[in-house]
Amino acid sequence: MTEYVIIGDGISGSSAAETLREEDPESSITVITDEGEPLYNRILIKEHAKGKLPEAPISIHDEDWYDERDIDLSLNTHVTTIDTDEKVVRTHEKDDIPYDKLLIATGGTPTQLPVENSDAEGVHHFWTFQDARKIRESAEAADDAVIVGAGLLGIDFAAVCGSQGVDGKFLMRGDRWWRYALSADGAEIMHDGMRSVGVEPIFDSGVSEFEVDDDGRVEAAIGGDGNRYPCDFAGVAIGLTFNTEFLHDTDLEQDNGIVVDEYMQTNLEDVYAAGDLTQFYDVLLGEQAQNGSWGSAKEQGRVAGINMAADEEAEPFEWVSSYSITHFDFPFLSFGHPTLGDEHAERRYSDTEWRRIAFKDGKVIGGVLIGDLSAQSKLKQLMRQQRIVADQAEVLLEKQVDLDELAPSQDQ
Ligand SMILES: Cc1cc2nc3c(=O)[nH]c(=O)nc-3n(C[C@H](O)[C@H](O)[C@H](O)COP(=O)(O)OP(=O)(O)OC[C@H]3O[C@@H](n4cnc5c(N)ncnc54)[C@H](O)[C@@H]3O)c2cc1C
């Protein structure tokens, strides 16, 4: 009987456990998490912080779900080391858990700003359900807030401010939100969205320090522009630090994440990794890549489970990821790898509609759609097909994309 151990009960770990049980009914499966609750929907915790969703719909599995599948779930258990020669996982309580095959699915922890008082009371990071509960509490009592981190998670803090009636100042280091994927035209639509919910983008700023009151609670942020921004709470979302400390004694290959091939295998025998923390071989991109999104983490967990149970390279991970934002009057969607590529094409259609497509070697590798998402399935289809189409970008920028207008490219 094979003993599988999974570290992490996020969507990637949990999806691997479910797949392993289906693929290998007789096996022993242990899932270890340092959180105090089984899998919940991390995407929806922002709705809780906004005050819109009660707790119940955010939970995905209760403990019975694991019992029913004969999966051994260890809550509140932190893995401190692993020994890949002895094939043992060690926990903070000094329990040794042996494995035949191991999956590392420990995701990341929000990175703290390297400035004074960034750990003060009232400076929030957003990753766990516990974080969301505290953010909700702070936001309900606040008049003013400061947001730092001009990326996909920073905008969730902006939405919390909007829903909770808090005046927000969104301090950005550059001249726009998500400058790696959006031009000034696209970003302007997002800035208008922020303003419409009462959050003011402040450019070329960032934070140089937080000021605290006598009780150590944040009361202001000093911007990189020298201005003082009073706040009752601050939301910081400047990126993730991957949870890999317990791997320090191993020879596991890491390169800003755990390096895996398209089968989710690491360089060490019988050790796999899945989810946000992987630096995986992307078969569509033709190189190692990273992705922090729910759907991608879920699929990586499933593919890892298939390959672990099959004991061979049974199925590669081949996936076009999506990330959507629905906080404003218009929808936003990014797909694939919008920040990469060697060529880009974009068009603005109206005050709330914009599209940008990223190409690599002539092939679609990602994009951003704002306002009108109708082109998404066609663009994703082209990405999956790896068609060379950059020379016909005009067709892909038509408001209604008609793939029949594309001339067959020479690679077909
Ligand atoms: C506020 C918010 C909004 C988001 N919105 C979207 C969205 O709209 N769309 C989208 O696609 N994605 C969104 N995401 C991202 C998405 O949630 C993640 O990409 C996904 O949850 C990653 O799953 P994972 O399994 O890789 O890691 P995680 O969900 O981070 O799970 C890892 C688990 O491992 C545990 N762990 C870590 N170290 C140890 C250890 N040493 N021992 C034991 N356990 C450990 C952690 O506590 C955690 O429970 C959002 C994320 C957040 C925080």
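Checked against (1) under 29 Å from M264 (Cβ atoms); (2) away from the ligand (no atom under 13 Å from the Cβ), T109 meets all criteria but (2).
If you check G295, G305 for being modelled with pLDDT of 95 or more and within 12 Å of the ligand (Cβ to nearest atom), only one passes: G295.
A single entry from F242, F233 fulfils the requirement of being open to solvent by less than 20 Å² (accessible area, probe 1.4 Å) and over 17 Å from K101 (Cα atoms): F233.
In segment 1-83, counting only helices (runs of 4 or more DSSP H) that sit wholly within it, the ones holding 2 or more residues that are open to solvent by less than 20 Å² (accessible area, probe 1.4 Å) span 11-23, 45-49. If the condition is being under 27 Å from S59 (Cβ atoms) and of a type in the set (F, W, Y), then segment 123-170 contributes F126, W127, F129, F157. Does E116 satisfy being assigned by TED's automatic domain parsing to the domain that holds C231 and of a type in the set (D, E)? No: the conditions fail for E116.
Can you find, within segment 113-135, the residue that is farthest from D9 (Cα to Cα) among those that are under 19 Å from the mean Cα position of the chain (by Cα), within 15 Å of the ligand (Cβ to nearest atom) and not β-branched (V, I, T)? If we take residues in segment 113-135 being under 19 Å from the mean Cα position of the chain (by Cα), within 15 Å of the ligand (Cβ to nearest atom) and not β-branched (V, I, T), then H124 is farthest from D9 (Cα to Cα). Pairing residues of segment 282-311 that are within 30 Å of D342 (Cβ to Cβ) with residues that are away from the ligand (no atom under 16 Å from the Cβ) and of a type in the set (V, I, T), at Cβ distances under 6 Å and at least 6 apart in sequence or on separate chains, gives L285/I365. Filtering segment 82-102 for residues that are in contact with a Gly (Cβ under 9 Å, 6 or more places away or on another chain) and either within 12 Å of the ligand (Cβ to nearest atom) or modelled with pLDDT of 95 or more (or both) leaves an empty set. Before we move on, is S138 outside the structural domain of E343 (by TED's automatic domain parsing) and within 16 Å of the ligand (Cβ to nearest atom)? So S138 passes the test. Within the option set E346, E394, E318, being more than 16 Å from the ligand (Cβ to nearest atom) and part of a loop (DSSP other than H, G, I, E, B) holds for one residue only, E318. If you filter segment 143-162 down to residues that are within 14 Å of the ligand (Cβ to nearest atom) and small (G, A, S), you find that the one that is nearest to L44 (Cα to Cα) is A159. Residues in segment 211-247 that are closer than 15 Å to A142 by Cβ, away from the ligand (no atom under 16 Å from the Cβ) and either in a strand (DSSP E or B) or touching a residue at least 12 places away in the same chain (Cβ under 8 Å) (or both): R217, V218, E219, A220, A221, Y229, P230, C231, D232.
For every residue, the table says whether it meets (1) of a type in the set (A, V, I, L, M, F, W, C); (2) touching a helix residue (DSSP H, G or I) at 6+ places or on another chain (Cβ under 9 Å).
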residue	(1), (2)
R90	no, yes
D95	no, no
I104	yes, yes
G108	no, no
V123	yes, no
R136	no, yes
V166	yes, yes
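Does E287 meet the test of being farther than 30 Å from K50 by Cα, surrounded by fewer than 22 Cβ atoms within 10 Å (Cβ to Cβ) and within 12 Å of the ligand (Cβ to nearest atom)? In short, no.
The values are calculated or read from the model by the stated rules, or taken from the named source; none is laboratory data. What you see is a predicted model, and the numbers here were worked out from it, not measured in a lab. Note that we place each Cβ from the backbone using ideal geometry, even for glycine, and neighbour counts take in every protein chain shown. With ligands, DNA and RNA removed, areas are computed over all heavy atoms of the protein, side chains included. Shrake-Rupley method; radii C 1.70, N 1.55, O 1.52, S 1.80 Å.
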